[in-house]
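Down below is the structure, laid out as structure tokens.
The values are calculated or read from the model by the stated rules, or taken from the named source; none is laboratory data. This is a predicted model, so every value here is computed, not measured. Quick reminder, even Gly has a Cβ in these numbers, built from the backbone with ideal geometry, and neighbours come from all protein chains shown. To get the accessible areas, we keep the full protein, side chains included, count just its heavy atoms, and leave off ligands, DNA and RNA. Shrake-Rupley method; radii C 1.70, N 1.55, O 1.52, S 1.80 Å.
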Amino acid sequence: MSRPFVVLFSVIALVVLPHSAIAGGFEHIARLTSQGYTVGAQAQLLDSGEVLGEIAAERQLSPASVSKLYASAAALERWGPQHRFTTRLVTTGNIDTQGVLHGDLVLEGGGDPALATADLWHLVQGLRQQGVTAVNGTLVISQWRYGPVECITTDRCESQVRSAHAYDARLSSAAVNYGNWCVSVMPGAQAGLAARIVSCDTLEPTLVVDNQVTTVAAGDKVRLTAERVTHEGVDTLRVSGQVPVGSVPYPVYRSSSDPAHQTGHTLLALLEQGGLRVSGGFSTSDTPPPATARPLASVEGKPLQELLLRTLNYSNNFMADVLSLNLVDEPRASLAEAGQTLEAFAEGLPGHGPATLLSGSGLTTENRTSAQGVNALLEAMYQRPALFPTFVAGLQLPANGPMRFIRRGSETFQSHVMLKTGTLNQPFAVRSVGGYFRTRSGRWGSFSVLVNGNAKTPYLSWSEVLDSLAEDLTAMIDAH
């Protein structure tokens, strides 16, 4: 065969073969398809749009927690990096000359996804500065914006009765501490005695604690199991195991059954610690305070740019879904409505294509997008100079990100790639990754890899995916 014929044949092949076939680039990731996994992948240079690698980039697959990129981008687009969510204490009552508030004290939840005990204490201090010494009425926790949000995932539905996790907390616009109870487990004075369990937030635990933890000899290991169970509306935290003499306090986090009730218990305890007795206990409400209510104290949460660091770096499901719910303009929002808002955002991105986003967290296993869609999102954020620094700051660098399982691959991969991962194990395995890279010459690129299993595929370890991805991205980075 003559050389001119070979050249001509190559040109014809370039014209005839589909783009995905000639783009290649993901040779190592592609090997997962031979194991029965379905893969979608795409990598591109952002200055030219050149596709460096591609596998079925338009295929609709589950992104798992890569969904959080959509929630974060939509929140930045709506509010900007410096937006803060405000939580207020309001009342329609009157304060007499002795500082007694006659009337209900209402906490108006502002949808702050990172509202913490320290913020509630600032509210208590604000009341004291107003001269309030006691409340002759009820503490009302108003979650009129949304909450408790109807569960649509198995984890959150089951957590209404029991939970051995922190990630499955229910959602409310008036939740505190990510909807989690926290206790610290400390050893007794000597081996053989019961351990001490105290609240992380208040002087005394505001939920029932069933303490089955034993103190063991110094040098032994900490072994703890904990489960929150709920009966007739009462949360009980059952903690068992052992802690050695001399060990530091060990925090245990478990989701509450009702985040607004948790806020009520916590704030009521803090008010009493601050010397402000509330005669009527607390209740919850899903209606807004009267228009005539006046503010007594308020606290602004952390700016959105800090919230997104936590949401993305730690893949915080609670924060991602609360941010998504905040995007819904009408009160009493549901996760489905929040998902529709995210879908509308995705549809407005140039070149994105279809998406199904029932939640911003990715806990909903029905979420679907494509590698091309994720890249369209990443490109759109790259093109927004006022938002891109905040957005990219939330992604992890493999070399020093908080998730240790990503610390693998070549030095190039570890120091030139910024990524967000997504993981699901049920009803099928999902390992997804999306993010940015910098080439050797300093050019920006974006990439997305979505790997989905099925009922017949085995467990998929992250090492199998990340090692392959590192090989493929390293070659792209070094070549440009």
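Projected area of the range 176-255, taken from the Cα convex hull and averaged over every viewing direction, in nm²?
5.2
Direction-averaged shadow area of the convex hull around the Cα atoms of the chain, nm²?
27.5
Let me see the pair-distance distribution of the range 121-164: every alpha carbon pair, 5 Å bin width, integer percents in order.
Histogramming the range 121-164 at 5 Å steps yields 5, 15, 14, 14, 12, 12, 11, 11, 5, 0 percent.
Over the range 241-394, how many percent of alpha carbon pairs lie in each 5 Å bin up to the one with the longest distance?
The percentages, shortest bin first, are 2, 7, 10, 15, 18, 13, 10, 10, 7, 5, 3, 1, 0.
What ratio of Cα Rg to 2.2 N^0.38 Å holds for the range 86-171?
1.38
Whole number please: convex hull volume per residue of the Cα set in the range 73-226, in Å³?
Working: hull volume 30.0 nm³, N = 154.
Taking the convex hull of the Cα positions in the range 73-226, it is 194 Å³ per residue.
W79 versus V161, label points 7 Å from Cα toward the beta carbon: distance in nm?
3.5
Please calculate the 1.4 Å probe accessible area of S410, with all protein chains present, and give it to the nearest 10 Å².
40
If you filter the range 407-480 for chymotrypsin sites (Phe, Trp or Tyr not before Pro), then keep DSSP loop positions with at most 13 other Cβ within 10 Å, what is left?
Those that pass, being in a loop and sparsely packed, are Y459.
Once you wrap a convex hull around the alpha carbon atoms of the range 211-265, what is its projected area averaged over all directions, in nm²?
Across all orientations, the range 211-265 yields a mean hull projection of 4.3 nm².
From a point 7 Å beyond the Cα of S298 in the direction of its Cβ, which residues of the range 72-88 have a backbone N at a distance under 20 Å?
Label zone hits: 79-88.
For a quick check of your reading of the filter: which GluC sites (Glu not before Pro) in the range 332-437 sit in a DSSP loop and have no more than 16 other Cβ atoms within 10 Å?
E366
List the pair-distance distribution P(r) of the range 55-111, using every Cα-Cα distance, as the percent of pairs falling in each 10 Å bin from 0 up to the bin containing the longest distance, rounded to whole percents.
With 10 Å bins starting at 0, P(r) equals 17, 23, 20, 17, 13, 6, 3, 0.
When the accessible area of the chain is computed with all protein chains present and a 1.4 Å probe, what percentage of it is carbon and sulfur? Don't jump to the answer; show the numbers that get you there.
On the way: 10540 of 20250 Å².
Summing carbon and sulfur atoms, their accessible area is 52 percent of the total for the chain.
Suppose R0 equals 22 Å. What FRET efficiency, 1/(1 + (r/R0)^6) with r the Cβ-Cβ distance, do Q212 and T154 give to the nearest 0.05?
0.20
So how do 79-87, 320-328 stack up, highest first, on mean other-Cβ count within 10 Å?
320-328, 79-87
Which residues does the label zone of A344 cover in the range 286-327, counting backbone N under 15 Å from a point 7 Å along Cα→Cβ?
Answer for the range 286-327: 324-327.
Just to confirm my understanding: which cysteines in the chain have no other cysteine beta carbon less than 4.7 Å from their beta carbon?
Here no cysteine comes out as lacking a disulfide-compatible partner, given the Cβ-Cβ threshold of under 4.7 Å.
Okay, helix-only estimate at 222 nm for the chain: each DSSP H run of n ≥ 4 adds -39500 (n - 2.57), divide by all residues, round to 500 deg cm²/dmol; what do you get?
Calculated mean residue ellipticity at 222 nm is -9000 deg cm²/dmol.
Using alpha carbons only, what's the Rg to Rh ratio of the range 349-447 with Rh from Kirkwood?
Taking Rh as the inverse mean 1/r over Cα pairs, Rg/Rh reads 0.97.
Calculate, for the chain, the solvent-accessible area per residue in square angstrom, rolling a 1.4 angstrom probe over the heavy atoms of the protein chains. Mind dumping the intermediate values first?
On the way: 20250 Å² over 480 residues.
For the chain, the solvent-accessible area averages 42 Å² per residue.
How big is the Kirkwood radius of the range 253-330, worked out from every pair of different alpha carbons and given in Å to one decimal?
Details: mean 1/r = 0.0638 Å⁻¹.
About 15.7 Å for the range 253-330.
Considering the zone a paramagnetic label at E50 would reach in this model (a point 7 Å from Cα along the Cα-to-Cβ line), which residues of the range 423-458 have amide N under 17 Å from it?
Only 437-447 fall inside the zone, counting backbone N under 17 Å.
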